[in-house]
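Every read-out reported here was derived from the displayed coordinates using simple, explicitly stated rules and does not represent laboratory data. As the structure is a prediction and not an experimental result, all values here were calculated from the model. For neighbour counting, all protein chains shown are included, and Cβ atoms are generated from backbone atoms with ideal geometry for every residue, glycine included.
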Amino acid sequence: MYTGWLRRFKVDRPIDPVEQFEPLKRERTGASNERHCVISLNSTYMDVIDRRYRLRGMVATTVVTLVSTALALFGLWMLVTWLPTVYQGRAVDWFMVGVLVIGFVGQFALLYRLIIGRDFFTYKYYPIRFNRRTRMVHAYTDAGPSGVISVPWDQGYFHLGHGQGETFLRDIRCHVMDGEMVKQTFAVGHYFDDADKVREIWEFIRRYMDEGPQHVVDAPASPQLHLSVADTWKNCYLTVIISLGEALLPYRTVLMPLLGPLAACRWLVLKSSKTPEWPAHVVTESGIDVADPHQLPEPEYVGQFYEGRGV
């Protein structure tokens with residue numbers, strides 16, 4: 001689930017035999033569906049979200065944040081209320097103070113290093129830009145504008161990725177190769193436990209790059225965007241609700257004591273983070289034509305245009 005984020009991609013290695021066995025096909029095969037992965041689409045470029053977006057501020061960060069806050073409050077209570085009642089200036093008392101301070105500072109530093117610092121105060125999202133005109137793919141990373149990964153569309157090795165911990169999860173993954181060596185890796189779009197859904201996202205991307213924006217879906221359907229990356233409370237709430245899945249959706253009211261903290265933590269994470277800014281050369285090559293007939297309207301909230309009914 002946390003592959004490529006809390007669990008970094010392994011690079012500077014030979015390509016894995018499984019990865020060689022599962023390349024994503026470059027010809028038209030099967031259905032096309034963006035599955036709430038596309039941020040923006042026009043005749044010049046298409047921006048797609050990366051796999052970590054749906055996890056931002058969710059269970060792992062919420063639990064760690066609540067535990068850290070509880071431990072900090074408990075430590076403060078001990079220092080202010082309990083310790084003065086037993087403190088007598090002895091060496092053992094100073095030792096107790098040192099243990100408390102080091103213990104609480106240490107646990108927060110560890111949790112910040114492992115999870116909190118990788119979610120709060122980072123970037124609101126990490127887009128992957130597919131530019132049809134330059135035939136380039138650009139992937140945003142934690143390093144910001146100076147760390148953008150760029151690879152020609154025809155040279156990126158796109159394959160079906162597997163989760164490192166949850167091996168049943170699948171995603172679109174791209175290797176930047178140097179001969180047989182993997183130099184850089186990034187994931188594209190949401191992950192699923194169904195490989196066919198991932199292939200539908202890939203087909204949407206492939207059609208955009210190789211056939212044009214007018215062919216991303218089959219007629220008579222018309223393409224629509226459903227994902228909004230605006231850091232609003234409504235978007236955070238809708239993301240949490242959608243994450244329940246169809247089976248638990250009818251119980252969302254009963255589950256609100258659990259869902260509320262998730263939505264609040266996600267909102268805090270996104271509000272604390274910066275909006276990604278592409279480097280100048282990517283911006284320059286991404287100009288959109290005036291009155292572009294294939295520029296799709298971007299929803300103000302998740303699912304606004306879903307079947308024309310909103311959410």
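At 0.36 nm per residue, and after removing the present C-alpha to C-alpha distance, how many nm does the segment from Gln155 to Gln214 gain when stretched out fully?
Numbers: separation 59, 0.36 × 59 = 21.24 nm, distance 2.40 nm.
Extra length from Gln155 to Gln214 when fully extended: 18.8 nm.
Can you list residues whose amide H is under 5 Å from Ser40's amide H, if they're 5+ apart or on another chain and H is modeled 1.01 Å from N?
Asp47
If the elastic network links every pair of Cα atoms under 10 Å, which of Pro84, Pro261, Pro293 fluctuates the most in the Gaussian network model of the chain?
Pro84
Once label points are set 7 Å from the Cα along Cα→Cβ at both Ile102 and Thr81, what is their separation, rounded to one decimal in nm?
Here the answer is 2.7 nm between the modelled labels.
Estimate the FRET efficiency between Asp193 and Arg90 by the formula 1/(1 + (r/R0)^6), using the beta-carbon distance for r and 41 Å for R0, to the nearest 0.05. Mind showing how you got there, number by number?
On the way: r = 58 Å, r/R0 = 1.43.
For Asp193 and Arg90, the calculated efficiency is 0.10.
Describe numerically, in nm with one decimal, the distance between label points set 7 Å from Cα along Cα→Cβ at Val11 and at Glu277.
2.3
Taking Cα atoms, how many degrees apart are the long axis of helix 195-211 and the longest axis of the chain, rounded to 10 and kept between 0 and 90?
Approximately 50 degrees, to the nearest 10.
Run the reach check for Lys10 against lysines, Cα to Cα strictly under 28 Å, same-chain hits fewer than 8 apart removed. What comes back?
Lys25, Lys124, Lys183, Lys197, Lys274
For a paramagnetic label modelled at 7 Å from the Cα of Trp233 toward its Cβ, which residues of region 247-288 fall within the zone defined by backbone nitrogen distances under 16 Å?
257, 259-272
So what's the angle, to the nearest 10 degrees on a 0 to 90 scale, between helix 91-114 and the longest Cα principal axis of the chain?
With both axes taken from Cα atoms, the answer is about 10 degrees.
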